């Protein structure tokens with residue numbers, strides 16, 4: 001009996017301990033940075049069904065309503081996200097792409113074999129005009145990724161002049177001949193892509209010299225568009241690459257350094273996008289949460305050489321990457337999108353928000369039908385994925401002031417921190433707090449100390465579903481959608497709530 005009493009006491013003690021809330025403080029700070037809207041950027045590459053059969057159906061298509069060949073339903077869906085920027089044409093494809101092949105009369109354009117993605121032959125019908133006009137329609141800044149791997153300095157100079165020069169010049173005149181009078185004024189230019197790999201298999205030292213050469217000839221003419229030159233940056237934890245660029249490239253030649261990281265735990269066996277088990281989920285989240293480590297350490301190196309933060313960090317490729325769905329024709333890197341992707345997107349975006357002093361842009365890979373896409377299409381059908389809804393819920397952080405947050409007593413999911421958070425105050429004074437619980441089984445009570453934020457009312461939205469594998473399909477396009485969240489209670493400068501397992505919540509205080 002004595003042992004039974006002791007066992008019951010231990011069980012009760014364990015339950016009480018488990019019920020202790022995670023404590024999170026959210027405060028004002030006069031020196032906190034603005035969260036750049038460009039953190040919520042997107043990426044389109046000539047890859048599988050992203051451009052052709054996805055975003056672009058062609059001007060001659062009479063079945064699917066379109067604007068200059070781009071699907072109207074996609075345009076409207078993207079407008080709802082307030083997309084700040086869009087990166088194109090790659091990716092690995094960029095360093096085999098010659099932009100002049102994609103302008104002028106379409107019946108005179110040469111074809112290109114997409115040697116990186118599926119070996120398909122493309123007719124170059126989607127080119128510079130289509131992309132930049134789409135960005136105008138969306139109100140998004142274009143981000144052009146230039147060909148360094150197989151291109152030339154002159155080819156890049158000509159592209160800059162074609163898109164940006166308002167005077168008389170061979171490229172500006174050619175643009176006018178092709179139907180565009182005013183320049184697009186493209187600000188963001190990537191100088192190569194993954195030059196450590198598909199962009200040329202270069203060493204960091206060699207690329208630093210090549211970069212300096214290209215960057216020297218890129219600035220515009222007096223009074224023209226300010227250009228942001230983005231150096232092809234490191235993959236994951238290649239800190240030597242970042243250090244080499246920061247050490248060897250002068251500030252006046254480089255406005256940003258890129259970083260790429262995908263939530264891939266095994267490149268030889270990435271696992272399924274839907275029918276994954278608990279072990280694969282854990283490994284996916286373990287890799288996704290490494291973004292915090294990578295960003296922190298790359299920023300430390302940048303601070304060493306650039307204490308005034310003149311050079312920005314652009315994480316211009318990120319997202320979940322799994323094995324492609326085999327039944328989709330030409331479905332190179334086509335994957336479904338589940339609650340796991342909600343967990344990845346929420347935690348990674350929280351990381352970017354919290355490092356807003358240096359992280360000034362990020363680009364989710366990719367926008368349509370590829371990797372962690374926000375949109376999937378099937379002929380005339382189009383659906384919004386769970387990741388789309390994350391981006392929609394988080395758009396409240398765009399250009400808002402970061403509110404520093406601190407977590408105490410965070411629960412653990414197999415030694416991973418269960419709770420992730422970021423917070424901001426927008427220009428109207430509203431406070432938004434984004435919370436993610438990656439634990440697949442356990443709800444977690446949370447106590448938010450917001451005493452200094454002058455919040456009078458609280459409401460929110462939640463994105464979750466019964467199972468981690470739940471997703472939106474063409475037969476059930478709204479299985480995973482945001483719902484109103486009424487579980488947050490505000491009392492005397494404190495917000496209490498319980499976050500269900502595998503859930504994402506965005507609170508709004510005013």
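The values are calculated or read from the model by the stated rules, or taken from the named source; none is laboratory data. Please read these numbers as outputs of a predicted model, since none were measured by experiment. Quick reminder, even Gly has a Cβ in these numbers, built from the backbone with ideal geometry, and neighbours come from all protein chains shown.
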Of (1) surrounded by fewer than 21 Cβ atoms within 10 Å (Cβ to Cβ); (2) in contact with a helix residue (DSSP H, G or I) (Cβ under 6 Å, 6 or more places away or on another chain), residue 431 fails just (1)
Scan the range 280-298 and tell me whether some residue there is more than 23 Å from the chain's Cα centre (by Cα) and within 29 Å of residue 189 (Cβ to Cβ). no
Conditions (1) touching a helix residue (DSSP H, G or I) at 6+ places or on another chain (Cβ under 7 Å); (2) in a helix (DSSP H, G or I); number of the one not met by residue 229: (2)
I need the full set of residues from the range 248-258 which are in a loop (DSSP other than H, G, I, E, B) and surrounded by 15 or more Cβ atoms within 10 Å (Cβ to Cβ), in order please. 249, 254, 255
Which numbered condition residue 261 fails, given (1) touching a residue at least 60 places away in the same chain (Cβ under 8 Å); (2) under 28 Å from residue 419 (Cβ atoms); (3) not in a loop (DSSP other than H, G, I, E, B): (1)
Check whether at least one residue in the range 465-478 is over 22 Å from residue 375 (Cβ atoms) and modelled with pLDDT of 95 or more, and report yes or no. yes
Surrounded by fewer than 18 Cβ atoms within 10 Å (Cβ to Cβ), closer than 30 Å to residue 391 by Cα, modelled with pLDDT of 95 or more and touching a strand residue (DSSP E or B) at 6+ places or on another chain (Cβ under 9 Å): is that true of residue 85 in this structure? no
Taking into account only those residues within the range 164-194 that are under 24 Å from residue 96 (Cβ atoms) and in contact with a helix residue (DSSP H, G or I) (Cβ under 6 Å, 6 or more places away or on another chain), which is surrounded by the fewest Cβ atoms within 10 Å (Cβ to Cβ)? 171
Of the residues in the range 396-413 that are loosely packed, with under 14 Cβ neighbours inside 10 Å and touching a residue at least 40 places away in the same chain (Cβ under 8 Å), the one that is nearest to the chain's Cα centre (by Cα) is 406
If you go through the range 166-195, how many residues are within 24 Å of the chain's Cα centre (by Cα) and part of a loop (DSSP other than H, G, I, E, B)? 8
Can you pull out the residues in the range 37-78 that are in a loop (DSSP other than H, G, I, E, B), in contact (Cβ under 8 Å) with a residue 60 or more places away in the chain and over 18 Å from residue 319 (Cα atoms)? 51, 53, 54, 55, 58, 63, 64, 68, 69
Go through the range 347-369 and report how many residues are under 11 Å from the mean Cα position of the chain (by Cα) and closer than 29 Å to residue 274 by Cβ. 9
